[in-house]
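As structure tokens, the structure follows; a few thoughts come after it.
The values are calculated or read from the model by the stated rules, or taken from the named source; none is laboratory data. Bear in mind the structure is a predicted one, so any value in this text is a computation, not a measurement. No Cβ is skipped: glycine too gets one built from the backbone with ideal geometry, and neighbour counts run over all protein chains shown. To get the accessible areas, we keep the full protein, side chains included, count just its heavy atoms, and leave off ligands, DNA and RNA. Shrake-Rupley method; radii C 1.70, N 1.55, O 1.52, S 1.80 Å.
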Amino acid sequence: MIYQDSTTVLEVRGLRASVNGIEILKGIDLTVRTGEVHAIMGPNGSGKSTFAKVLAGHPAYAVTAGTVSLEGRNLLELAPEARARAGVFLGFQYPIEIPGVANSQFLRLAYNTVQAQRGSDELDPLEFDDFVREKMKLLEMNPDFLDRSVNEGFSGGEKKRNEILQMALLEPRLGILDETDSGLDIDALRVVAGGVNQLAGKDNATVLVTHYQRLLNYIVPDYVHVMDGGRIIKTGGSELALELESRGYDWVSAEYKNAARATA
Amino acid sequence: MSTVLQNLVNQPYQHGFVTDIESDVAPKGLGEDTIRLISAKKKEPGWLLEFRLKAFRQWLTMQEPAWPNVHYPKIDFQAISYYSAPRAKKKLASIDEVDPELLRTFEKLGVPMNERASLAGVAVDVIFDSVSVATTYKAKLAEVGIIFCSISEAVHEHPELVRRYLGTVVPAGDNYYAALNSAVFTDGSFCFIPKGVKCPMDLSTYFRINTQESGQFERTLIVAEQGASVSYLEGCTAPKFDTNQLHAAVVELVALDNADIKYSTVQNWYAGDENGVGGIYNFVTKRGLCKGVNSRISWTQVETGSAITWKYPSCILRGENSVGEFYSVALTNHHQQADTGTKMVHIGRNTRSTIVSKGISAGQSSNSYRGLVRIAPTAAGARNYSKCDSMLIGERCSANTFPYIQVGNQSAQVEHEASTSKIGEDQLFYFAQRGIGAEEAVSMIINGFCKDVFQQLPMEFAVEATKLLGLKLEGSVG
């Protein structure tokens, strides 16, 4: 939702990043304000997942130019765990499995780490149990999730619900969801999208990275950005997503190239 | 991120100090005269000297095993001293008379030696270099008929028991290092649980090598009679030296009908420095015989130290319905090499065995699981379940699994599972993205990975093992 009195959450200017010496992001500009939901779409290999990981500080990517700030704070000088504690959340496309570690144990450690950072009270296992069960209702999750090892043997849908559960617990300023719809059947998609909608509020912001328009039937974005070749080449409202669904991505790329030629 | 991992796995060794204590050290070298000297120093009966000499003559004809997946320069057995004992002024009447320097050493190591001060309620036998220096709670255990003392003492006070069982599970000529041990062993623990007695407390042996050029060759013998049960713990440390020291121990367990022996080890011998200089060569033979029906022997080991570990705690399941278990965590770092696993030999009907092995390799280390499951033709209805998991930390270490399965009876069921996983950038990034630093992440991953083994350890030992793995892998993140 676009609000009059919103403040800037994320500000990206001229961001370039490479992996193994190959440049993937070639100058990205993006401003995200409180209350807003942005969708970043684009064909495979356009750099949208890389963009999500670079914002979270994945060590495989080197930032070569540009600035990124979160609520005025330089994000690029923070280690990944410090970015998380500052309020950046990345919902993973492929969440890792941690055999032998109970989900409840992992969730509580993450929760308490972030709580401590915010100067809020940490919860003991019993208090946390009540708290997390409440949050799990939001995602229609079975309580036995808590006793299972983190993501081990989870179905695709269960893994994604677990990601959104973590977002619900950590209450980030900026939630970035990387291909959250991949591997979800229609019921799981509805539940996950419902969770995201409930979490999106006036004081936080959400960035959805997705290849398909499908997710956007459930979560209506305020802005849709098309990425290609490591750049944002078009920005529009939610109607742009529908147009992409019917016409594909090629026309946007062609339009962008023509415009570039015209200015050259 | 690789520097983060590197700092995590580069923790200094905590037990590397040397105790300045006067020792009685035999001249270096090995011959029949050395063995006669050891035997004479210990005032042993003739049968034991014969046992030693027979073993030595066999050893001379044997070859060092070349099959383990470990590499080290040839050991000069003539450059080792085979006897080193803290020099006692007189025979000790009680633990209060132990050299205070020695007591301080064990205090530093966190070993409870003072019976009155000890709240842990664990009876401890302490072996310093080659000699047992103290055994706690002896009198209390004797009340229920349990014998717990050094094996030297047992040779004098219970010769009939020692003679009946010594070498019956690991014969003198069993393998190269067992033969060497049989020839030159200087001390160790002896434990006898009589018929029907459940040992009221955990028994523990603490091994410490102190002298630079001595080898340690201890011998442990545990016998549980019909219906008896005992839980036995073993801990080991050594100072840091830049030369390698040899540790060749033999442990024999005998379980009669319905007896139950649980043997837990936390091994933290000095592993050498980060360049692979120094450290203990840990060449150990441990074997249990489930002699009686329904008997059970369970090995749990947490192996974190030693430059080289060569060790296969095994079970011979002879009694009908007997049970053998092996739970192992082996962690190698830097240039450490481990070739460890177990042998489960099923002879009796309906015998069962479980193997759970967790190997963790970091640095440039090499970690191999080697295990044998043999079902003899007589072992109708035998069952085995094996699970071998390896975890790699970083890019330069290696993990291997060598399972040997020999099935001689059609009615047997044998299952083997194996997996390999890796702690790398993506795992740590996932934790980091939830606000959790690398140190805590690695600790959580490792503890989760080892859970099946840690839950087999007695409570205090489990805490110690968790901490020890932590010390080995955690550290300042930079």
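The chymotrypsin sites (Phe, Trp or Tyr not before Pro) of the range B:346-416 include none that DSSP puts in a loop with a beta carbon having at most 12 other beta carbons within 10 Å. For chain A, modelled as a GNM whose springs connect Cα atoms under 10 angstrom apart, the maximal fluctuation among A:S149, A:S246, A:S104 occurs at A:S246.
What accessible area, summed over both chains, is buried at the A-B interface (1.4 Å probe, Å², nearest 100)?
Details: alone 12500 and 18940 Å², together 29320 Å².
Interface area, both chains combined: 2100 Å², rounded to the nearest 100.
Computed in the context of the full set of protein chains, the accessible area of chain A at 1.4 Å probe radius has 47% of its extent on carbon or sulfur.
When the expected Rg is taken as 2.2 N^0.38 Å, what fraction or multiple of it is the alpha-carbon Rg of chain A? Mind showing how you got there, number by number?
Numbers: Rg = 18.6 Å, N = 264, 2.2 N^0.38 = 18.3 Å.
Computed over Cα atoms of chain A, the ratio equals 1.01.
Per residue, the protein assembly as shown exposes an accessible area of 40 Å² to a 1.4 Å probe, with every protein chain left in place. In the range A:10-99, the ratio of gyration radius to Kirkwood radius, Rg to Rh, stands at 0.95 when only Cα atoms are counted.
Looking at the range A:66-108, none of the chymotrypsin sites (Phe, Trp or Tyr not before Pro) sits in a DSSP loop with at most 11 other Cβ atoms within 10 Å of its own Cβ. Evaluated at q = 0.05, 0.06, 0.09 Å⁻¹, a Debye calculation over the C-alpha positions of the protein assembly as shown (equal weights, vacuum) places log10 I(q)/I(0) at -0.34, -0.47, -0.86.
Of the trypsin sites (Lys or Arg not before Pro) found in the range A:104-155, those in coil by DSSP whose Cβ has at most 13 other Cβ atoms within 10 Å are A:R118. Measuring spread by the Cα atoms of the range A:66-147 yields a radius of gyration and Dmax of 15.0, 45 Å. Ranking B:I375, B:G437, A:L174 by how far each Cα lies toward the positive end of the dipole of the protein assembly as shown (charges on Cβ) leaves B:I375 at the top.
Relative contact order of the range A:141-264, taken over Cα pairs closer than 8 Å and 6 or more residues apart, is 18 percent.
In this structure, the amide hydrogen of B:K198, modeled 1.01 Å from its nitrogen in the peptide plane, lies closer than 5 angstrom to those of B:S229, counting only residues at least 5 positions away or on a different chain. Partner lysines whose Cα lies under 22 Å from the Cα of B:K28, excluding those fewer than 8 positions away in the same chain, are identified as B:K41, B:K42, B:K43, B:K54, B:K74, B:K240. Take the Cβ atoms of B:S411 and B:K451, set R0 to 35 Å, and the FRET efficiency comes out at 0.60. If a/c stays under 1.5 just call it rounded; otherwise compare a/b with b/c (prolate if a/b is bigger, oblate if not). Do that for the range A:165-235, with a ≥ b ≥ c from the square roots of the Cα gyration tensor eigenvalues. It is oblate, given that a/c is not under 1.5 and a/b is not larger than b/c.
Cross-link list B:K198/B:K286; B:K262/B:K358; B:K138/B:K358; A:K53/A:K135; B:K140/B:K311; A:K160/B:K451: which exceed 28 angstrom alpha carbon to alpha carbon? The pairs that break the limit, which is 28 Å between Cα atoms, are B:K138/B:K358; B:K140/B:K311. Straight-line reach from A:K234: taking Cα to Cα under 19 Å and skipping same-chain neighbours fewer than 8 places apart, the aspartates and glutamates in range are A:E11, A:D29, A:E36, A:D222, A:E243, A:E245, A:D250, A:E255.
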